[in-house]
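Take a look at the structure set out below.
The values are calculated or read from the model by the stated rules, or taken from the named source; none is laboratory data. The model shown is predicted, which means the values in this text are computed figures rather than measured ones. Note: ideal-geometry Cβ built from the backbone for every residue, glycine included; neighbour counts use all protein chains shown.
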Ligand code: SF4
Ligand code: SF4
(Lines give C-alpha, C1' and ligand atoms only; values in the text may rest on other atoms or scores of the structure.)
(Ligands and ions follow the chains in the order given, each with its own letter.)
Protein backbone atom coordinates (compact mmCIF):
# COMPACT_ATOMS: atom_id res chain seq x y z
CA UNK A 1 0.00 0.00 0.00
CA UNK A 2 1.27 3.47 -0.83
CA UNK A 3 2.60 5.52 2.08
CA UNK A 4 0.46 8.55 2.88
CA UNK A 5 1.21 11.56 5.05
CA UNK A 6 -0.96 14.44 6.20
CA UNK A 7 1.34 17.04 4.65
CA UNK A 8 -0.40 20.39 4.80
CA UNK A 9 -3.83 18.91 5.42
CA UNK A 10 -5.39 20.12 8.67
CA UNK A 11 -9.01 19.21 7.83
CA UNK A 12 -9.64 17.03 10.90
CA UNK A 13 -8.49 19.92 13.12
CA UNK A 14 -11.84 21.44 12.15
CA UNK A 15 -14.16 18.48 11.67
CA UNK A 16 -13.34 16.47 14.78
CA UNK A 17 -13.89 17.15 18.45
CA UNK A 18 -10.82 17.09 20.71
CA UNK A 19 -12.01 16.21 24.19
CA UNK A 20 -8.72 17.07 25.90
CA UNK A 21 -8.99 20.64 24.59
CA UNK A 22 -12.76 20.94 24.93
CA UNK A 23 -12.80 21.64 21.22
CA UNK A 24 -16.16 20.92 19.59
CA UNK A 25 -16.57 19.19 16.24
CA UNK A 26 -16.97 21.51 13.26
CA UNK A 27 -14.85 24.38 14.61
CA UNK A 28 -11.19 25.07 13.97
CA UNK A 29 -8.84 24.22 16.79
CA UNK A 30 -7.22 27.31 18.29
CA UNK A 31 -3.79 25.68 17.81
CA UNK A 32 -4.22 25.09 14.09
CA UNK A 33 -2.26 27.01 11.53
CA UNK A 34 -4.92 26.28 8.93
CA UNK A 35 -3.63 24.54 5.82
CA UNK A 36 -0.13 24.41 7.28
CA UNK A 37 0.34 22.54 10.55
CA UNK A 38 -0.40 22.10 14.24
CA UNK A 39 1.33 24.80 16.31
CA UNK A 40 1.67 22.45 19.29
CA UNK A 41 2.53 19.33 17.29
CA UNK A 42 4.99 17.86 19.79
CA UNK A 43 2.60 18.38 22.71
CA UNK A 44 -0.67 17.74 20.86
CA UNK A 45 -3.29 15.68 22.75
CA UNK A 46 -3.34 11.90 22.59
CA UNK A 47 -6.53 11.81 20.53
CA UNK A 48 -4.83 13.96 17.86
CA UNK A 49 -1.76 11.73 17.91
CA UNK A 50 -3.84 8.61 17.47
CA UNK A 51 -6.30 9.83 14.85
CA UNK A 52 -5.96 8.53 11.31
CA UNK A 53 -8.64 9.32 8.78
CA UNK A 54 -9.71 6.75 6.18
CA UNK A 55 -7.65 8.47 3.49
CA UNK A 56 -4.49 8.43 5.62
CA UNK A 57 -5.01 4.70 6.11
CA UNK A 58 -4.77 4.27 2.35
CA UNK A 59 -8.44 4.22 1.33
CA UNK A 60 -11.01 6.62 -0.08
CA UNK A 61 -9.48 7.49 -3.41
CA UNK A 62 -6.07 8.43 -4.73
CA UNK A 63 -3.42 10.71 -3.24
CA UNK A 64 -5.26 13.59 -4.91
CA UNK A 65 -8.29 12.93 -2.69
CA UNK A 66 -6.59 14.19 0.48
CA UNK A 67 -9.31 15.46 2.87
CA UNK A 68 -8.39 19.14 2.53
CA UNK A 69 -8.73 18.82 -1.27
CA UNK A 70 -12.10 17.05 -1.26
CA UNK A 71 -13.28 18.91 1.86
CA UNK A 72 -14.46 15.69 3.51
CA UNK A 73 -12.86 13.75 6.36
CA UNK A 74 -13.89 10.09 6.46
CA UNK A 75 -13.67 8.05 9.63
CA UNK A 76 -14.90 4.59 10.74
CA UNK A 77 -16.96 4.79 13.92
CA UNK A 78 -19.40 2.80 15.94
CA UNK A 79 -23.08 3.57 15.50
CA UNK A 80 -24.71 2.69 18.82
CA UNK A 81 -26.90 -0.37 18.39
CA UNK A 82 -25.93 -0.91 14.77
CA UNK A 83 -22.19 -1.48 14.50
CA UNK A 84 -19.51 0.17 12.42
CA UNK A 85 -20.28 2.81 9.85
CA UNK A 86 -18.26 5.16 7.71
CA UNK A 87 -18.73 8.80 8.66
CA UNK A 88 -18.21 11.62 6.17
CA UNK A 89 -17.53 14.84 8.03
CA UNK A 90 -18.02 18.02 6.08
CA UNK A 91 -14.95 20.29 6.36
CA UNK A 92 -16.43 23.01 4.16
CA UNK A 93 -20.13 23.76 3.85
CA UNK A 94 -21.67 22.03 0.84
CA UNK A 95 -19.03 19.31 0.48
CA UNK A 96 -21.55 16.60 1.32
CA UNK A 97 -23.24 17.38 -2.00
CA UNK A 98 -20.08 16.95 -4.06
CA UNK A 99 -19.59 14.27 -6.70
CA UNK A 100 -16.78 12.85 -4.57
CA UNK A 101 -19.10 12.36 -1.58
CA UNK A 102 -21.88 10.93 -3.72
CA UNK A 103 -19.54 8.46 -5.39
CA UNK A 104 -18.04 7.18 -2.13
CA UNK A 105 -21.39 7.10 -0.36
CA UNK A 106 -22.87 5.00 -3.15
CA UNK A 107 -19.85 2.73 -3.27
CA UNK A 108 -19.99 2.06 0.49
CA UNK A 109 -23.73 1.43 0.49
CA UNK A 110 -23.38 -1.00 -2.40
CA UNK A 111 -20.97 -3.14 -0.39
CA UNK A 112 -23.26 -3.08 2.63
CA UNK A 113 -21.65 -0.34 4.74
CA UNK A 114 -23.68 2.13 6.73
CA UNK A 115 -22.83 5.72 5.90
CA UNK A 116 -23.28 8.83 8.03
CA UNK A 117 -23.12 12.33 6.58
CA UNK A 118 -22.17 14.81 9.29
CA UNK A 119 -23.14 18.26 8.11
CA UNK A 120 -21.58 21.51 9.31
CA UNK A 121 -24.88 23.36 9.26
CA UNK A 122 -27.84 21.18 8.29
CA UNK A 123 -29.13 17.88 9.61
CA UNK A 124 -26.83 14.91 9.65
CA UNK A 125 -28.05 11.76 7.91
CA UNK A 126 -27.56 8.03 8.33
CA UNK A 127 -27.85 6.01 5.12
CA UNK A 128 -28.53 2.32 5.54
CA UNK A 129 -27.71 -0.26 2.87
CA UNK A 130 -30.45 -1.92 0.89
CA UNK A 131 -32.33 -4.49 2.97
CA UNK A 132 -31.38 -3.07 6.35
CA UNK A 133 -34.36 -1.98 8.42
CA UNK A 134 -34.55 1.44 10.01
CA UNK A 135 -33.57 0.90 13.62
CA UNK A 136 -36.08 1.67 16.32
CA UNK A 137 -33.95 4.33 17.92
CA UNK A 138 -32.91 7.93 17.81
CA UNK A 139 -29.33 8.33 16.71
CA UNK A 140 -27.42 11.46 17.69
CA UNK A 141 -24.13 12.99 16.63
CA UNK A 142 -21.41 13.89 19.14
CA UNK A 143 -22.91 17.34 19.53
CA UNK A 144 -26.27 15.79 20.45
CA UNK A 145 -27.98 16.53 17.15
CA UNK A 146 -30.63 14.03 16.06
CA UNK A 147 -29.76 12.22 12.83
CA UNK A 148 -32.24 11.62 10.06
CA UNK A 149 -32.25 7.94 9.01
CA UNK A 150 -32.57 7.12 5.33
CA UNK A 151 -32.69 3.66 3.81
CA UNK A 152 -30.71 3.30 0.61
CA UNK A 153 -32.53 1.54 -2.20
CA UNK A 154 -30.02 0.01 -4.54
CA UNK A 155 -29.22 2.31 -7.45
CA UNK A 156 -31.41 5.10 -6.11
CA UNK A 157 -28.96 7.13 -4.09
S1 SF4 B 1 -7.85 14.68 7.78
FE2 SF4 B 1 -6.52 12.88 7.55
S3 SF4 B 1 -4.87 13.56 6.18
FE4 SF4 B 1 -5.88 15.40 6.96
S5 SF4 B 1 -4.70 15.99 8.77
FE6 SF4 B 1 -6.37 14.70 9.49
S7 SF4 B 1 -5.54 12.62 9.54
FE8 SF4 B 1 -4.15 13.86 8.28
S1 SF4 C 1 -4.01 20.21 18.80
FE2 SF4 C 1 -3.03 20.32 16.82
S3 SF4 C 1 -3.48 18.34 15.81
FE4 SF4 C 1 -4.91 18.59 17.53
S5 SF4 C 1 -6.75 19.55 16.60
FE6 SF4 C 1 -5.45 21.19 17.41
S7 SF4 C 1 -4.21 21.84 15.65
FE8 SF4 C 1 -5.04 19.82 15.17
With the requirement that a residue be more than 15 Å from the chain's Cα centre (by Cα) and under 16 Å from residue 77 (Cα atoms), what does segment 110-128 give you? 112, 128
Residue tally, condition surrounded by 13 or more Cβ atoms within 10 Å (Cβ to Cβ) and in a loop (DSSP other than H, G, I, E, B), over segment 95-121: 4
Looking at segment 9-23 only, could you name the residues that are closer than 22 Å to residue 95 by Cα and either in contact (Cβ under 8 Å) with a residue 40 or more places away in the chain or assigned to a loop (DSSP other than H, G, I, E, B) (or both)? 9, 10, 11, 12, 14, 15, 16, 17
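Kindly evaluate residue 47 against the criterion of being farther than 30 Å from residue 153 by Cβ, without any contact (Cβ under 8 Å) to a residue 60 or more places away in the chain and within 14 Å of ligand 1 (Cβ to nearest atom).
yes
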Any residue at all in segment 52-66 that's at pLDDT below 95, closer than 26 Å to residue 24 by Cβ, under 13 Å from the mean Cα position of the chain (by Cα) and not in a strand (DSSP E or B)? yes
If residue 61 meets every condition in (1) within 11 Å of ligand 1 (Cβ to nearest atom); (2) out of contact with any strand residue (DSSP E or B) (no Cβ under 6 Å at 6 or more places or on another chain) apart from one, which number is that one? (1)
Within segment 92-130, how many residues turn out to be in contact with a strand residue (DSSP E or B) (Cβ under 7 Å, 6 or more places away or on another chain) and closer than 17 Å to residue 61 by Cα? 9
Members of segment 49-72 that are under 25 Å from residue 94 (Cα atoms) and within 10 Å of ligand 2 (Cβ to nearest atom): 51
